[in-house]
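Quick notes on the structure that follows.
The values are calculated or read from the model by the stated rules, or taken from the named source; none is laboratory data. Please read these numbers as outputs of a predicted model, since none were measured by experiment. Ideal geometry is used to build each Cβ from the backbone, glycine not excepted, and the neighbour counts take in all protein chains shown.
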Amino acid sequence: MSIDVSLWFAKLKSRSQLEPFKLLLANKTDVKMFVKRDDLIDPFISGNKLRKLEGNLWAAKEAAATQLLTYGGAYSNHLLASAAAANEMGIPIIGKVRGEELNEKSNPMLLECNRLSMHLQFIDRTIYIRSKHQTGLSKDQNKPTWHIPEGGANPEGILGCTEIYKEAVVQNNNQHFDAVFIAQGTTTTSMGILASIPTTTQLFVVPVLKGYDSLSEMQALASKVKQNPLTAHLQFNWNQVTVLDTYHQGGYAKTTPELLHFTAAFNNTQQFPIEPTYTAKALYALADQLPSLKPQIQTILFIHTGGVYA
């Protein structure tokens, strides 16, 4: 890799600030709320995409990988973030794209990945499903290749996400939070948060997928974490997790008039931007749950995961 990895990641993460905010319609003003602005990290490598890539890129460097390989759909922000990071670091990267009928000119996202020197390979959907979870080091055409699964969902990705809460505590004058709210896609980010919070902090996860068994998915990923020497030290206390699984608004990328109204009303407050796929669903859940939270929850951290795709 052609740059100082430590300095590069430190520079990007320094842009993620902790800011107080208010929910004007929540009718509860005694709770202090803060947002971790990971959406400010980078236009391409925004939010939890950087966090998951950080763990993987460090692992790739330790494994002496000479190229990266990752997976994504036609409009994958993970592919774009991976292409931008690899381009910045000067390491070759292959992007396996779901859909053999596509090409690098099929949409602006793929065109940008190509411009950033990602070598795009368009594969059959059945083959894609079988291979998209591949992770770790392999030899691809006799090159040591580090595989990053779709969405960065692996133990290395979790390790990178443990930094989010730790940074927020430092930015809060080393004071912990009573609760954390976060939107949930692959569970990778929420697992990183769970591994880094103290036993006195509650984690509220808001799945954006309909019918998603969050705890089962988290526990399955935890078993992989324990088998990985890099992450075996991480601990997960399931009693600290509350799954709010009724705020998906019909499923992934689905919405309702109520959610769209909430999103527009909050964005009009000009505190920080939210969108209806991830962050608005989690913030809507927070606003709805706020009046019924236990009295001991006096400080809340809302994690802005950045972008549309988590």
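Looking at segment 85-185, what helices (runs of 4 or more DSSP H) fall wholly within it and have at least 2 residues that are assigned by TED's automatic domain parsing to the domain that holds residue 282, among the hydrophobic types (A, V, I, L, M, F, W, C) and under 19 Å from the mean Cα position of the chain (by Cα)? Walk me through it before giving the result.
Details: elements: 108-115, 125-131, 155-171.
Of the helices (runs of 4 or more DSSP H) lying wholly inside segment 85-185, those with at least 2 residues that are assigned by TED's automatic domain parsing to the domain that holds residue 282, among the hydrophobic types (A, V, I, L, M, F, W, C) and under 19 Å from the mean Cα position of the chain (by Cα) span 155-171.
Just name the residue that is surrounded by the fewest Cβ atoms within 10 Å (Cβ to Cβ) out of those in segment 261-278 that are of a type in the set (Val, Ile, Thr) and modelled with pLDDT of 95 or more. Quick ask: steps written out before the conclusion?
So in segment 261-278, the residues of a type in the set (Val, Ile, Thr) come out as 263, 269, 274, 277.
From what is left, the residues that are modelled with pLDDT of 95 or more are 263, 274.
Working: 263: 20, 274: 23.
Once the filter is applied, the top-ranked residue is 263.
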For segment 283-306, enumerate the residues that are assigned to a loop (DSSP other than H, G, I, E, B), buried (at least 24 other Cβ atoms within 10 Å of the Cβ) and of a type outside the set (Gly, Ala, Ser). 305
Residues satisfying the stated conditions in segment 104-131, i.e. closer than 16 Å to residue 83 by Cα and out of contact with any helix residue (DSSP H, G or I) (no Cβ under 7 Å at 6 or more places or on another chain): 107, 108, 110, 111, 114, 115, 119, 121, 122
So residue 209 clears everything in (1) surrounded by 14 or more Cβ atoms within 10 Å (Cβ to Cβ); (2) over 26 Å from residue 37 (Cβ atoms); (3) in contact with a His (Cβ under 9 Å, 6 or more places away or on another chain) except one condition, right? Which one? (2)
Could you please find all residues in segment 233-257 being under 18 Å from the mean Cα position of the chain (by Cα) and of a type in the set (Ser, Thr, Tyr)? 252
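May I ask you to say which residue of 189, 199, 231 is surrounded by fewer than 21 Cβ atoms within 10 Å (Cβ to Cβ), modelled with pLDDT of 95 or more and on the phi < 0 side of the Ramachandran plot? Outline the logic, then answer.
Numbers: 189 fails: surrounded by fewer than 21 Cβ atoms within 10 Å (Cβ to Cβ); 231 fails: surrounded by fewer than 21 Cβ atoms within 10 Å (Cβ to Cβ).
Only one candidate passes the filter, namely 199.
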Any idea which of 91, 123 is of a type outside the set (S, T, N, Q), over 18 Å from residue 12 (Cβ atoms) and surrounded by fewer than 24 Cβ atoms within 10 Å (Cβ to Cβ)? 123
What is the residue count in segment 277-292 for residues that are touching a helix residue (DSSP H, G or I) at 6+ places or on another chain (Cβ under 9 Å) and over 17 Å from residue 48 (Cα atoms)? 2
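Can you work out which of the residues in segment 65-79 that are of a type outside the set (A, V, I, L, M) and touching a strand residue (DSSP E or B) at 6+ places or on another chain (Cβ under 9 Å) is farthest from residue 46 (Cα to Cα)?
Within segment 65-79, the subset of a type outside the set (A, V, I, L, M) is 66-67, 70-73, 75-78.
Cutting the leftovers down to touching a strand residue (DSSP E or B) at 6+ places or on another chain (Cβ under 9 Å) gives us 66-67, 70-73, 76, 78.
Values: 66: 24, 67: 22, 70: 17, 71: 18, 72: 16, 73: 18, 76: 13, 78: 10 Å.
Looking at the filtered set, the residue picked out is 66.
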Within segment 140-154, can one find any residue that is in contact (Cβ under 8 Å) with a residue 24 or more places away in the chain, surrounded by 16 or more Cβ atoms within 10 Å (Cβ to Cβ) and basic (Lys, Arg)? no
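This table checks each residue for (1) hydroxyl-bearing (Ser, Thr, Tyr); (2) over 19 Å from the mean Cα position of the chain (by Cα); (3) under 23 Å from residue 166 (Cα atoms); (4) assigned to a loop (DSSP other than H, G, I, E, B).
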residue	(1), (2), (3), (4)
195	no, no, yes, no
210	no, no, no, yes
217	no, no, no, no
231	yes, no, yes, yes
259	no, yes, no, no
263	yes, yes, no, no
266	no, yes, no, no
277	yes, no, no, yes
281	no, no, no, no
